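A quick write-up on the structure given underneath.
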Amino acid sequence: MVKDLTTGSPAKLILMFTLPLIVGNIFQQLYLLSDTLIVGRFLGVRALAAIGCSGCLMFLMIGFVIGFTGGLTICTGQRFGAKDMEGMRKSAAACTVLSLTIAIIATIIGLFIARPMLMFLQTPAEVLDMATVFLSIIFLGIFATMLFNTSSNLIRALGDSKTPLYFLILGCVLNIILEITFIGVFNWGIAGAGFATVLAQFINGSGCVIYIKKKIPELHFKWSDLKISRQVAWQHLRVGLPMGFQSSIIAIGAIILQVPLNNLGEIAVAAYAAAQKIDMIAMMPLMSFGMAMAAYTAQNYGAGKFDRIKSGVNKCILMSGGFSIFIGIFNILMGPEMIEIFVGEGQQQVVDYGHIYLIVNGSCYLILSLLFIYRFTLQGLGQSLIPTFAGIMELIMRAMAGLFLVGQFGYIGACWANPMAWIGSCVPLMITFYITRKSLLKKVALQNIAKI
């Protein structure tokens, strides 16, 4: 249901928008989590290591898609906040055309770089073929990923975070059923995990498109709208491309880290992969609060209600910060039990390594919660330069961890890569946000004077 975020209690609006996002993002991670769990149980540690080696490359491409579509639909949210119905229709058409174009380009590039990049990352020879198969299938399914993310982000831009959740839940259940069927029954091996993920994502995206067609007339566009002007295209690309590249820049840092991590051996790679899945699920609520701020900020910025943006950020920091402390403590205490779920009994070294990762990362979740809030709020305002610079800082810090800390301290050095990246990114975002907030509050003062 379309929801106006420019009126009512900021805290309540943000929380109610965030809750479906939390559940939805967790289910999104369950796509990858089910890959890890089912592959680890059915195909063994070697296959699990293959998925782990391909993870950073997958995020390089899929992360770009997610960031790009999120940036495109910020323009839609701003037009909705301004009550510009014609602008919303043209924005939806622009999102469709640009998403399809990028999907084609990303698929071609992904298929060409899959194996060469895995070799460049010094992927262990015993898992190279499996990793190539899995990664190639995921890249073939980029259109499905783009379809779901574009359509679901368009729905969220209008204040509805519940509907995409329903399709995610359906897709997750289908993904688990399909993986077990393809791997356990049809014996398709690691390829079955890739096909199941892509098919479930396509069903999600198709469901969102059908829902928009039947329930959201505000996003219906004519065939003539698909011929977008350069001005409209640029308005969307100037936000979408930096957000996409920002995610890719972060992934490049992970790729640089993956090389020395692979050199630590199969046990270290498998432990890092399993712990990373748990870590991602813990991070999803923090990211969800940030995503809620992007939609909330975009609508209020479009409506010219700048004072509500300040209030929303303060409330969000309290909610997300409190949760970050809770989930960090939980991961630290329950880490070994959760790692063992992935690898089974008799893999104590993998469990111990994975627990180290969760201790290091869990102790720094508060920094991550602030990073997401500042980043998505700035993006909701249409700013792309500083968030991109913050992504470059993440790249630099992860590269430093990979080039220096791993060689000096081994596996624990790799574990510190994320916290270092969060700190390096959060500092410029925080400074920029408070400078921007001061500027917005001046506009509020001028508005109040004009009313007198």
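Other residues lying with their Cβ under 15 Å from the Cβ of His355 contribute a combined charge of -3, Lys and Arg counting +1, Asp and Glu -1. Exposed loop sites here are trypsin sites (Lys or Arg not before Pro) assigned a DSSP state other than H, G, I, E or B and surrounded by at most 13 other beta carbons within 10 Å; excluding them, the longest clear run of the chain is 228-452. A full extension of the chain between Ser439 and Glu218 corresponds to an added length of 76.3 nm, given 0.36 nm per residue minus the alpha carbon distance.
Packing here is the average count of other Cβ atoms within 10 Å per residue, and on that basis the peptides 177-189, 347-359, highest first, run 347-359, 177-189.
Of the solvent-accessible surface of region 45-122, computed with a 1.4 Å probe and all protein chains present, 74% belongs to carbon and sulfur. Dipole magnitude for the chain: about 2240 debye, using +1 per Lys or Arg Cβ and -1 per Asp or Glu Cβ, origin at the Cα centre.
Candidates Gly8, Ile341, Leu358 compared by Cα position along the dipole of the chain: farthest toward the positive end lies Gly8, with charges placed on Cβ. With all protein chains kept in place, the per residue accessible area of the chain amounts to 40 square angstrom at a probe of 1.4 angstrom. How large a share of the accessible area of region 250-391, in percent, is made up of carbon and sulfur atoms when the probe is 1.4 Å and the other protein chains stay in place? Its accessible area is 68 percent carbon and sulfur atoms. The sum of -39500 (n - 2.57) across all DSSP H runs of n ≥ 4, divided by the residue count of the chain, sets its helix-only mean residue ellipticity at 222 nm to -30000 deg cm²/dmol.
Between the C-alpha center of region 52-121 and that of region 317-353 there is a gap of 31 Å. Taking the Cα centre of region 242-395 as reference, the dipole from Cβ charges on Lys and Arg (+1) and Asp and Glu (-1) amounts to some 880 debye.
In a fully extended conformation the segment linking Val259 and Leu100 would gain 54.0 nm over its present Cα-Cα distance, using 0.36 nm per residue. Between Ala233 and Lys12, the FRET efficiency from the beta-carbon distance, with R0 = 45 Å, is close to 0.80. Modelled this way, with points 7 Å down the Cα-to-C-beta line, the labels at Leu19 and Ile177 are 2.8 nm from one another. When Lys and Arg each count +1 and Asp and Glu each count -1, what net charge do the other residues less than 14 Å away from Leu226, Cβ to Cβ, add up to? Neighbour charge sum, excluding Leu226 itself: +3.
For Leu111 and Ile332, what is the calculated FRET efficiency with R₀ set at 25 Å and r taken between the beta-carbons, to the nearest 0.05? Efficiency for this residue pair is about 0.05. The angle between the Cα long axis of helix 142-157 and the longest principal axis of the Cα atoms of the chain comes to about 40 degrees, rounded to the nearest 10.
The values are calculated or read from the model by the stated rules, or taken from the named source; none is laboratory data. Values in this document were obtained by computation on a predicted structure and should not be read as measured data. Heads up, the Cβs are rebuilt from the backbone with ideal geometry, glycines too, and the neighbour counts pull from every protein chain shown. With ligands, DNA and RNA removed, areas are computed over all heavy atoms of the protein, side chains included. Shrake-Rupley method; radii C 1.70, N 1.55, O 1.52, S 1.80 Å.
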